[in-house]
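Here's the structure we're looking at; comments come further down.
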Amino acid sequence: MDVEISPSTLSGVARAPSSKSYTHRAILAAGYSGGALVYDPLVSADTKATMRAVEAFGGDVTRESDHLDVDGFDGRPEVPGDVVRCANSGTTMRLVTATAALADGTTVLTGDDSLRSRPHGPLLSAVADLGGRAESTRGNGQAPLVVEGPISGGTVSMPGDVSSQFVTALLMAGAVTEDGIEVELETELKSAPYVDITLELLDEFGVEAGKRQADGRDSYCVEGSQFYEPEDGEYHVPGDFSSISYLLAAGAVAAEEDETVRVRGAYPSAQGDSKIVGVLGRMGADVDWNRDDGILTVERSSLSGVEVDVGDTPDLLPTIAALGAIADGETRIVNCEHVRYKETDRVTAMAEELGHLGAKTEESADTLTVVGEESDLSGGVVDGRGDHRIVMALSVAALACSGPTMISGSEHVDVSFPDFFDVLYDLGATVDR
């Protein structure tokens, strides 16, 4: 689907979708339980993949008006009767790779072209070190994956700079092993707030897990033989700050004069991407956050470039890059090499596509620089690269262009924010599909 966005001014109130990160984890945690209700879930292409995976392992997921009714497999996943297809969801594949290692038999996992290019090697090695079998069919650490269990727990060592999802996968599965699992990190953990999300959610489901340090190395551990039992049998998913970032950015660059854009559902949580509020503040945006009511208010502001480290917040890179193209001065996004291993190489994708709109960009292995003072955003035709976050970030930039912008592959917003273009339209954007 191609979407054309014309220069626009915005005002009004929007509600961000629920968190994709929390929804994935909540669905799987409910699967590990005897059964639970997951309220306010994000129902998207990615989270549907996790629902299907839970069902493949013997659970059942029923969608109701405001919640999911998950009949879990009570910590004992069955061997799937068919290949587990994870579509484009790297979170699904990584989390359920550890689930597959609990099953007494062989599981095959695969996904689309993009997912089959993403790295899983450290997680496969960890499963093997715990006594299971875990292989890439092509021998390159990429899907399709073959996983055989059951594992009973133990201690593993892995790098922390590839994906925090490997740690999450092992912690979630480790709680229902006999011996528990400890994950020792060989390098600094990138995207650490996502493991904080996992620890927060595990606690909500009655599972004890934590972080500790020994001999100068960080490790995460979870005791075995635990049970997933959320209070009152239910869990409520918070709003998603990755999605909120696009709405805040849109307000900061395109709010109507003397008007504001307000975003509801912005309650505090362990999400690292809530740092977008501080980033916008540093850039000069007028942002107010009522944490008690979960409301963010932003006015159109004159922005200035800043340096932002996205080591813990990789999903913010596209948003910050788009803001940098509009801001005065230079915006440097550092510590971003791991952002190249998402649905696409998001560093190069944003550099090239913003360039097509008239932005001046420079990139190195772990840095993206956007020179706003040398950028003249005129609009044009850009490629969403099959990546929901690239599409939404380019949409923010399009609002501030002098002419219309056509974004191809815009249907991919379905991965995390299915109603994104409807929300933009309701705020006043000129959107043609």
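Bear in mind that the values in this text are calculations on the coordinates, not laboratory data. Because the structure is a prediction, the values reported are computed rather than measured. With ideal geometry, Cβ positions are generated from the backbone for all residues, glycine too; neighbour counts draw on all protein chains shown.
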Against the longest principal axis of the chain, how steep is helix 45-56, in degrees 0 to 90 to the nearest 10, with axes from Cα atoms? 10 degrees
Please work out the FRET efficiency for the pair residue 184 and residue 352, using the Cβ-Cβ distance as r and a Förster radius of 41 Å; give the result to the nearest 0.05. 0.60
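Need one word for segment 207-269: rounded, prolate or oblate. Basis is the Cα gyration tensor (sqrt eigenvalues a ≥ b ≥ c); a/c below 1.5 gives rounded, then a/b vs b/c decides. Each step should come with its number before you reach the end.
On the way: a/c = 5.69, a/b = 1.99, b/c = 2.87.
Judged from the Cα gyration tensor, segment 207-269 comes out oblate (a/c at least 1.5, b/c at or above a/b).
For an R0 of 35 angstrom, estimate the FRET efficiency from the Cβ-Cβ distance between residue 378 and residue 114 and round to the nearest 0.05. Before the final figure, lay out each step's value.
Details: r = 30 Å, r/R0 = 0.85.
According to the calculation, E is roughly 0.70.
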Overall Cα dimensions of segment 147-237, principal axis frame, Å, largest first: 39, 29, 26
For residue 239, what residues show an amide H to amide H distance below 5 Å, using hydrogens built from the backbone and excluding near sequence neighbours? 19, 267
With all distinct Cα pairs included, what does the Kirkwood hydrodynamic radius of segment 308-395 come out to in Å, to one decimal, could you say? 12.4 Å
Taking the Cα atoms only, what angle lies between the long axis of helix 346-357 and the longest principal axis of the chain, rounded to 10 degrees? 20 degrees
I need the Debye-formula profile for segment 213-349: one equal scatterer per C-alpha, no solvent, reported as log10 I(q)/I(0) at q = 0.13, 0.14, 0.17, 0.18 1/Å, two decimals. -0.67, -0.75, -0.96, -1.03
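Dipole magnitude of segment 282-433 about its Cα centre, charges +1 at Lys/Arg Cβ and -1 at Asp/Glu Cβ only, in debye to the nearest 20?
Working: 11 positive and 30 negative charges, 33 e Å.
It works out to roughly 160 debye.
Largest first and in whole Å, what are the equivalent-ellipsoid semi-axes of segment 65-215 based on the Cα gyration tensor, each being the root of 5 times an eigenvalue?
Working from the Cα gyration tensor, I get semi-axes of 21, 19, 16 Å.
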Calculate, axis by axis, the spread of Cα positions in segment 87-166 along the three principal axes, and write the results as whole Å, longest axis first. 32, 28, 21
Once you keep just the Cα pairs under 8 angstrom separated by 6 or more residues, what percentage relative contact order results for segment 181-313? 24 percent
Tally of Lys pairs whose C-alpha atoms are under 24 Å apart, taken over the chain, 8 or more apart or cross-chain: 12
Fraction of alpha-carbon pairs in the chain farther than 38 Å apart, rounded to whole percent, equals 20 percent
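Using a cut-off of 15 Å between beta-carbons, work out the net charge of the residues near residue 256 (Lys and Arg +1, Asp and Glu -1, residue 256 not included).
Working: positive: 262, 300; negative: 257, 258, 259, 286, 299, 426.
Net charge around residue 256: -4.
To one decimal place, what orientation-averaged projected area in nm² is obtained for the convex hull of the Cα set of segment 1-118?
9.4 nm²
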Each residue of segment 316-332 in order: what ³J(HN,Hα) in whole Hz does its phi give by Karplus 6.51 cos²θ - 1.76 cosθ + 1.60, θ = phi - 60°, with x for Gly and Pro? 7, 3, x, 4, 5, 4, 4, 4, x, 5, 9, 6, 6, x, 10, 10, 10
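Given all pairs of different Cα atoms, what value in angstroms does the Kirkwood hydrodynamic radius of segment 240-284 take? Show your work: numbers first, answer last.
Working: mean 1/r = 0.0900 Å⁻¹.
Averaging 1/r across every pair of different Cα atoms and inverting gives 11.1 Å.
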Rounded FRET efficiency, nearest 0.05, which uses the C-beta distance separating residue 4 from residue 106 and R0 of 60 Å: 0.80
Could you tell me which residue out of 296, 213, 144 lies farthest along the dipole of the chain toward its positive end? Charges go on the beta carbon: Lys and Arg +1, Asp and Glu -1, centred on the Cα centre. 144
Segment 35-76 versus segment 373-409: alpha-carbon centroid distance in Å: 35 Å
Compare the Cα positions of 47, 17, 6 along the charge dipole of segment 1-141 (+1 at Cβ of Lys, Arg; -1 at Cβ of Asp, Glu; about the Cα centre) and return the one farthest towards the positive end. 6
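Arrange 46, 66 by Cβ neighbour counts within 10 Å, fewest through most, would you? Could the numbers behind the result be given before it?
Numbers: 46 23, 66 9.
Placing the least packed residue first, the sequence is 66, 46.
Assign one of three labels to segment 120-190, namely rounded, prolate or oblate, based on the Cα gyration tensor with a ≥ b ≥ c the square roots of its eigenvalues; rounded applies when a/c is under 1.5, prolate when it is not and a/b is larger than b/c, and oblate otherwise.
Here segment 120-190 falls in the oblate category.
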Looking at segment 368-419, what % of the alpha carbon pairs are farther apart than 14 Å? 55 percent
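Can you tell me which of 373-382, 234-243 comes out highest on packing, and rank the rest after it, using the mean Cβ neighbours within 10 Å?
The densest-packed peptide leads the list: 234-243, 373-382.
Taking the Cα centre of the chain as the origin, how large is its charge dipole in debye, to the nearest 20, when only Lys and Arg (+1) and Asp and Glu (-1) carry charge on their Cβ atoms? Working shown, then result.
Details: 31 positive and 74 negative charges, 154 e Å.
Result for the chain is approximately 740 debye, rounded to the nearest 20.
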Distance from segment 207-285 to segment 303-335 (C-alpha centre basis), Å: 18 Å
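Let me spell out the model: positive unit charges on the Cβ of Lys and Arg, negative unit charges on the Cβ of Asp and Glu, origin at the Cα centre of segment 355-410. What dipole size does that give, in debye rounded to 20? Before the final figure, lay out the partial values.
Numbers: 3 positive and 8 negative charges, 56 e Å.
It works out to roughly 280 debye.
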Hey, what do the phi angles of segment 411-418 turn into as Karplus ³J(HN,Hα) couplings, whole Hz, using 6.51/-1.76/1.60 and θ = phi - 60°, x for Gly and Pro? 4, 6, 4, 4, 5, 9, 9, x
Apply the Karplus parameterisation 6.51 cos²θ - 1.76 cosθ + 1.60, with θ equal to phi minus 60°, to every residue of segment 252-269 and state each ³J(HN,Hα) to the nearest whole Hz, in sequence, with x for glycine and proline. 5, 9, 9, 4, 5, 4, 6, 10, 10, 10, 10, 10, 8, x, 9, 7, x, 7
